[in-house]
1. Testing B:Gly363 on (1) in contact with a Pro (Cβ under 7 Å, 6 or more places away or on another chain); (2) under 30 Å from B:Ala433 (Cβ atoms), one condition comes back false. Which one is that?
2. Would you kindly identify the strands (runs of 3 or more DSSP E) lying entirely within segment B:332-438 that contain at least 2 residues that are under 30 Å from A:Phe84 (Cβ atoms)?
3. Given (1) part of a strand (DSSP E or B); (2) surrounded by 14 or more Cβ atoms within 10 Å (Cβ to Cβ), where does A:Ser38 come up short, assuming only one miss?
4. Filter segment A:69-88 down to residues that are more than 7 Å from every other protein chain (Cβ to nearest Cβ), in contact with a Cys (Cβ under 9 Å, 6 or more places away or on another chain) and under 16 Å from B:Ser429 (Cβ atoms), then give me how many there are.
5. Of the residues A:Met95, A:Met33, only one is crowded, with 17+ Cβ neighbours inside 10 Å, in contact with a helix residue (DSSP H, G or I) (Cβ under 6 Å, 6 or more places away or on another chain) and in contact (Cβ under 8 Å) with a residue 40 or more places away in the chain; which?
6. Checking A:Gly49 against (1) buried (at least 16 other Cβ atoms within 10 Å of the Cβ); (2) within 14 Å of another protein chain (Cβ to nearest Cβ); (3) outside any loop (DSSP other than H, G, I, E, B): exactly one of these is not met. Which one?
7. Could you check, for segment B:152-160, whether at least one of its residues is at pLDDT below 90 and in a helix (DSSP H, G or I)?
Amino acid sequence: MLKIKNLYSSINNTLIIKNLNLKINNGEIHILMGPNGSGKSTLSYIITGKPKYKINKGKIIFCKKIINTLSPDKISKLGIFLSFQNPIEIDGITMFNFFKNIKKKNNLKKIYKLCKILNIDKKDLYRFFNLGFSGGEKKKNEILQMLILKPKFIILDEIDSGLDIDTIKLLFKIIKHYLKNNPKCSLLIITHNTNIIKYIIPNRVHIIYNGSIILSGNSELIYRIEKNGYYSLIKKKHNDK
Amino acid sequence: MNKNIKKSLKKNKYNYGFYTKIKSKTFPLGLNSKIIKRISKIKNEPEWMTTLRLKSYYYWKKNKKKYPEWANLQYKKLNFNKISYFSGIKNKKDKRIIKTFDKLGLPINKRNNTVSIDYVFDSISINTTYNKILKKHGIIFCSISEAIIKYQKLIKKYLGSVVPYYDNFYSSLNTAVFSDGSFCYIPKGIKCPIDLSTYFRINNGKIGQFERTLIIVDEGGSVSYLEGCTAPIRQNNQLHAAVVELIALKNSKIKYSTVQNWYPGDKNGKGGIYNFVTKRGICKKKSKISWIQVETGSSVTWKYPSCILEGDNSIGEFRSISLSKNYQQIDTGSKMIHIGKNTSSLIISKGISTNYSKNTYRGLVKICKSAKNSKNYTQCDSLLIGNKCSTYTYPNIISMNKTSKIEHESTISKIEEEQIFYCNQRGISKEKAMAIIVSGFSYNIITKLPLEFALEAKELLNIELENSVG
């Protein structure tokens with residue numbers, strides 16, 4: 001589904017992604033981990049085409065199509081969805097109004113149904129977009145939009161940060177249910193929290209450091225991170241070289 | 001607005017820029033007492049009116065050097081001898097006029113149940129619809145020319161009572177040469193059942209349009225009035241100098257909405273209307289005046305709709321959205337003069353600047369000694385798009401007593417890349433994303449407009465923006 005080949009990318013002439021390779025097949029769940037500032041969120045922005053980032057070298061291929069030259073709205077339309085770590089607020093635009101803009105055929109009944117699943121108060125649809133929402137409400141709004149847009153490929157950037165345990169559980173239950181109904185859909189989870197394994201079992205785990213993926217493995221890798229921390233793994237890798 | 005209009009606007013065209021070829025009587029260029037007498041004569045005005053015009057003219061001539069230059073505007077000084085001060089079509093029933101207004105989306109003959117419209121074409125009022133229904137309630141709504149002849153008592157009492165001819169440079173000029181405009185009188189206790197509206201169209205190339213509007217609402221009455229404006233595309237700059245006076249007597253209410261969309265000039269700032277307007281209302285006891293304006297047109301705008309809160313417990317409101325693009329310059333705001341006790345005023349001004357344009361808020365809140373326990377709340381928000389435009393705020397606040405409360409809030413923001421990217425990530429294009437953010441920014445003004453106008457204003461803001469991305 002998604003293939004990243006020898007990717008080099010920079011922002012303001014500073015190289016931040018260096019020779020990064022990643023392959024995610026249909027229906028797979030991948031977890032991308034790494035210490036703060038290693039380039040996790042950056043990678044999600046580059047995949048989704050954020051204009052600030054320049055691709056110096058390499059390719060991003062999605063469903064056999066090179067996407068690194070496309071504008072972010074076109075990339076979104078291909079079926080890539082990013083759940084933001086810090087979703088923005090828009091004053092004067094209600095949630096429902098915004099939803100009408102992301103999908104033309106929006107059925108109010110259907111949105112009400114989705115709200116019920118997500119435990120969102122119907123009245124919230126008439127509040128201004130994310131304005132005065134709590135962290136949990138904002139993240140629920142992200143997942144609500146995911147369910148509206150029905151993407152083929154989902155990136156969750158720090159979905160679990162700052163949420164209470166019940167909300168995390170609820171969100172992962174919904175995400176897993178979505179994947180079950182859309183078996184071809186793939187998922188990339190970005191986190192630095194090893195607890196993630198309690199909620200979802202990945203096919204692959206990658207460690208990103210200094211702009212490249214230095215170690216990949218199965219879910220067992222998470223336990224190693226939890227036990228030893230990132231730096232011992234990074235150091236070991238360096239010594240192996 | 002139909003799809004074709006949208007399409008042409010997308011190509012950065014001003015859609016109302018067509019010219020109607022029509023036989024009209026246009027005065028020679030320049031201004032002198034002869035011209036003024038001719039204007040007065042052509043309109044069959046009573047003598048006192050001619051005298052008032054001449055008085056204003058001499059005053060204007062005497063003070064010609066006091067050309068107002070204090071505004072935050074840069075433009076070529078006008079040559080008042082290169083303007084024609086009157087252009088009237090020969091036949092009011094000419095089919096081409098009906099066609100013109102049809103083309104502008106305001107058919108004269110097609111009945112619209114919610115609005116009565118007065119159509120002003122260059123210097124003349126063409127037709128006022130729905131007069132019969134209004135007459136039933138004793139409401140007078142006609143052109144000011146007609147009113148000067150038919151309702152002399154009211155005109156003599158109120159014309160120039162809020163904006164006297166000696167008020168400012170353009171009010172002197174306007175009083176001397178004003179050609180037409182609307183007059184409205186709402187009798188005691190009558191709530192006007194339909195919206196009243198005037199549509200101004202400048203057609204002729206060298207004419208200056210000097211509209212004069214007077215609205216009087218008697219005790220306990222209320223009215224909602226709408227004003228719209230367009231002009232053809234021309235290379236040269238044209239002058240529009242209007243005076244609007246509102247009189248709200250005891251317990252009455254006036255809501256005055258404007259969507260100003262005069263030709264704004266081309267991409268390089270050539271041509272366009274100079275819009276120099278004096279709008280002011282007086283509030284008697286417990287009355288209320290609300291000004292709502294959406295300013296998207298004109299190359300230069302100079303306009304400060306104001307309220308004199310003379311009566312106790314009266315209320316003045318001003319809500320404005322101004323959108324400037326290319327090389328447009330807008331200097332707008334409001335004046336709230338508190339005289340009566342317990343008076344309150346509200347100013348909400350939202351400016352959106354794009355390209356190379358300049359958008360200024362200028363305001364005065366003056367609470368006189370007599371205005372005990374008065375309140376004002378002012379909010380000025382500016383939104384910048386791109387990095388070559390500019391925005392300015394000049395608030396002037398004067399309080400002369402200790403029991404009043406004044407609040408001023410002001411923000412300047414840029415559309416953030418993060419917001420645009422977020423919308424993009426949801427499949428919304430950059431242009432659409434900007435439109436969404438701007439419409440959110442203007443939300444609490446647009447929602448105050450009468451419904452039909454609100455839709456038009458919203459479309460206008462959206463379309464105008466589609467061209468300013470980049």
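1. So the condition that B:Gly363 fails would be (2).
2. Numbers: elements: B:335-338, B:344-353, B:358-367, B:375-384, B:390-399, B:405-414.
Because the criterion is at least 2 residues that are under 30 Å from A:Phe84 (Cβ atoms), the strands (runs of 3 or more DSSP E) in segment B:332-438 that meet it are B:344-353, B:375-384, B:405-414.
3. It fails just one condition, (1).
4. 1
5. None of the other options fit; the residue is A:Met95.
6. It fails just one condition, (3).
7. Looking through segment B:152-160, none of the residues is at pLDDT below 90 and in a helix (DSSP H, G or I).
One line per residue, one yes/no per condition, for (1) within 18 Å of the chain's Cα centre (by Cα); (2) more than 30 Å from A:Lys64 (Cβ to Cβ):
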{"residue": "A:Ile148", "(1), (2)": "yes, no"}
{"residue": "A:Asp166", "(1), (2)": "no, yes"}
{"residue": "A:Lys173", "(1), (2)": "yes, yes"}
{"residue": "A:Lys184", "(1), (2)": "yes, no"}
{"residue": "A:Asn193", "(1), (2)": "yes, yes"}
{"residue": "A:Arg224", "(1), (2)": "no, yes"}
{"residue": "A:Tyr230", "(1), (2)": "no, yes"}
{"residue": "A:Leu233", "(1), (2)": "no, yes"}
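The values are calculated or read from the model by the stated rules, or taken from the named source; none is laboratory data. Computed from a prediction, not measured in an experiment: that's the story for all the values here. For neighbour counting, all protein chains shown are included, and Cβ atoms are generated from backbone atoms with ideal geometry for every residue, glycine included.
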